[in-house]
Amino acid sequence: MNHAERARFDALLESVLDDLPAQYRRLLDEAPLVVEDEPSAELLSQLGFDADDDLCGLHEGLARTERSVEMPSLPDVITLFRRGIIDQAGGWEPGDLEGEPCGGEAAVREEIRITLLHEMGHHFGLDEDDLDRLGYA
């Protein structure tokens, strides 16, 4: 991924963050946001993914619903992976996939929003079924 693509992605991420309600933005103080181009082969292997699978985001840590004052835990981290999000959105250029529009900057922005809210949901104890019902799967 080149510098221009990173800058384009990061500008969209900033606009997504700016559009979040203030109480959601404050939640990122509890689970810092990290942005990387793509996950390492080692991480994909640990998660049971194939090397060519797209991973858009990852929540690492204990969900708030699983924490205990008796067992301290490391801080949570939310990681977004640029390449997976762009690929999931259909790429930077608008196109057509089986008769449906896909790709383009608006699609990438929406995938950033969905991925961020998905990982924030994991931080608060939501599972995949919960996130699917909310439209963040």
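Here the simple spin-label model places points 7 Å from the Cα toward Cβ, and for R8 and Q46 these points are separated by 3.1 nm.
Each of I114, I86 was scored by other Cβ atoms within 10 Å of its Cβ. Listed from fewest to most, they are I114, I86. Coupling constants for the stretch 104-119 follow from the phi torsions by the Karplus curve (6.51 cos²θ - 1.76 cosθ + 1.60, θ = phi - 60°), and in residue order they are x, 4, 5, 5, 5, 4, 5, 5, 4, 4, 4, 5, 4, 5, 4, 5 Hz; glycine and proline get x. Ordered by the count of other Cβ atoms within 10 Å of each Cβ, fewest first, L80, L28, L47, L58 give L47, L28, L58, L80.
Full extension of the chain between A22 and R133 yields a length gain of 37.6 nm, computed as 0.36 nm times the residue separation minus the alpha carbon distance.
Computed from the coordinates by the stated procedures, all read-outs in this text should not be read as laboratory data. Not measured: the values here are computed from a predicted model. All Cβ positions, even for glycine, are placed from backbone atoms using ideal geometry, and neighbour counts span all protein chains on display.
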